[in-house]
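For reference, the structure discussed in these notes is given below.
The values are calculated or read from the model by the stated rules, or taken from the named source; none is laboratory data. This structure is a prediction, so every number in the text was calculated from the model and none was measured. Note that we place each Cβ from the backbone using ideal geometry, even for glycine, and neighbour counts take in every protein chain shown.
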Amino acid sequence: MDTQLALWEVFVQSKPGQPYKHAGSVHASDKQMALQNARDVYTRRGEASGLWVVRAADIAASDLADSDMFFEPANDKIYRHPTFYEIPAGAKNI
Amino acid sequence: MTKQDALFQYCLRLGDDALILGHRLAELCSRGPFLEEDLAQTNIALDLTGRAQLYFQYAADLEGRGQTADGLVYRRPERQIYNHLLCEQPNTDFAYVIARQLLFSAFDRFLLEDLCTSKDERLVEIAAKALKETRYHLAHASDWVYRLGLGTGESHRRMQQALNDLWPYTGELFEIDDVGLHLLEAGIAADLHTIRALWTPEIRQMLQKAGFEQPADDYMHTGGLKGIHSEHLGHMLSEMQYLVRAYPEATW
């Protein structure tokens, strides 16, 4: 029997304005505990400015079996890729 | 008593509370109830050990004579260690760990807030840094108090037991002796009368909200300020100081 508390996915923002990136997961019984555990497990060396925690059960994920249908059609259409213009010098975070 | 002597003693007391409670929590490393809580408790232990180092370094500087923070930790006998008895009480079960942390961190928060306005600059620096950590320690402990209080019958019963057993160690937190009085008059030490007036209703409110009965205010243990301890401290020190005492020249 799984006696662990509920699973939560943790997203860490490294600096203000940056996107939140998935860091891993923690077990917790409630939001507060999930945030505190995420803080203690993933940010204790001071590498964060923000944290999100989301119940793993609340995440809708694509199915591996659907990969062809989902992702394949985009691969051979080069015109979909924004590779035809120069990124201006000085533009960050693109 | 000179101001310098009093301040030295005061730093030892502040440092000893942090050191001894930090050591207790460090004992939980790899023994927490689950991985995340294990890390949480060890983080708190590291916060406390870190600030103990700052207090002891200040004490060592005040004393002069080439004393070091490590020397103060590893070479003082039990009778020269001045932590409050609450901090040395054992990790009987998780409820005790949380009850001890709640009672102490709530006190420590008010103490550090007060020290942030001390006339001693170095204490202000240490307190400002430690206060941020302690606010987190208190939030962590109080969240658990609510969970355990409003959780199952067993969690409630164990937590109430821990609160009842540790309550007689809380009176000592507010004891004032010559050292405290001397430094209070000098505008350096925290005002424990004021802190008691803040701590008491705050704890009462938290316990009430979590569905606990307020433990009775009868017999209160005392002795820490004079270096007189419960039976637990000697065992902690024998482990903590063993290596340095057995191999005085060891380096690592």
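Couple of notes before you dig in:
- Looking only at segment B:71-82, and only at residues there that are touching a residue at least 12 places away in the same chain (Cβ under 8 Å) and outside any loop (DSSP other than H, G, I, E, B), the one that is farthest from B:L225 (Cα to Cα): B:Y74
- Selection of segment A:4-22 for residues being free of Cβ contacts under 8 Å to residues at least 24 places away in the same chain and within 11 Å of chain B (Cβ to nearest Cβ) yields only A:Q4.
- In segment B:110-135, of all residues being within 14 Å of chain A (Cβ to nearest Cβ) and in contact (Cβ under 8 Å) with a residue 60 or more places away in the chain, the one that is surrounded by the most Cβ atoms within 10 Å (Cβ to Cβ) corresponds to B:E133.
- Just so you know, in segment B:142-177 the residues that are away from chain A (no Cβ under 14 Å) and among the acidic types (D, E) include one that is farthest from B:L192 (Cα to Cα), and it is B:E154.
- Tabulated pairs, segment B:197-218, first free of Cβ contacts under 8 Å to residues at least 24 places away in the same chain, second hydrophobic (A, V, I, L, M, F, W, C) and not in a loop (DSSP other than H, G, I, E, B), C-beta under 8 angstrom, 6+ apart or interchain: B:Q214/B:L207
- Candidate set from segment B:158-177 (those that are within 15 Å of B:G227 (Cα to Cα) and of a type in the set (D, E)); member that is nearest to the chain's Cα centre (by Cα): B:E172
- Of the set (1) on the phi < 0 side of the Ramachandran plot; (2) of a type outside the set (S, T, N, Q); (3) touching a helix residue (DSSP H, G or I) at 6+ places or on another chain (Cβ under 7 Å), all apply to B:G211 but (1).
- Some residue of segment A:23-44 being away from chain B (no Cβ under 14 Å) and either assigned to a strand (DSSP E or B) or farther than 18 Å from B:G32 by Cα (or both): no
- Enumeration of residues in segment B:1-42 that are within 14 Å of chain A (Cβ to nearest Cβ) and aromatic (F, W, Y): B:F34
- Residue under evaluation B:E27, criteria (1) surrounded by fewer than 23 Cβ atoms within 10 Å (Cβ to Cβ); (2) farther than 27 Å from A:S29 by Cβ; (3) among the acidic types (D, E), criterion not met: (2)
- Hits in segment B:99-127 (condition: part of a helix (DSSP H, G or I) and more than 29 Å from B:E27 (Cβ to Cβ)): B:D114, B:E121, B:R122, B:V124, B:E125
- Residues being farther than 20 Å from B:I98 by Cα, of a type outside the set (G, A, S) and outside any loop (DSSP other than H, G, I, E, B) - total across segment B:209-230: 2
- From the list A:A74, A:A6, A:A89, the one residue that fits, being touching a strand residue (DSSP E or B) at 6+ places or on another chain (Cβ under 8 Å) and aliphatic (A, V, I, L, M), is A:A6.
- Residue count for segment A:57-74, restricted to those that are closer than 25 Å to A:S25 by Cα and either exposed (fewer than 10 other Cβ atoms within 10 Å of the Cβ) or in contact (Cβ under 8 Å) with a residue 12 or more places away in the chain (or both): 9
- Some residue of segment A:73-90 being more than 14 Å from every other protein chain (Cβ to nearest Cβ), more than 20 Å from B:L39 (Cα to Cα) and in contact with a Ser or Thr (Cβ under 8 Å, 6 or more places away or on another chain): no
- Of residues in segment B:169-184 being in a helix (DSSP H, G or I) and of a type in the set (A, V, I, L, M, F, W, C), the one nearest to B:D5 (Cα to Cα): B:V179
- Check on A:V53, touching a Leu at 6+ places or on another chain (Cβ under 9 Å), away from every other protein chain (no Cβ under 14 Å), buried (at least 18 other Cβ atoms within 10 Å of the Cβ) and farther than 19 Å from B:I44 by Cβ: no
- Any chance B:Y96 is among the hydroxyl-bearing types (S, T, Y), part of a helix (DSSP H, G or I), in contact with a Lys or Arg (Cβ under 9 Å, 6 or more places away or on another chain) and at pLDDT 95 or above: yes
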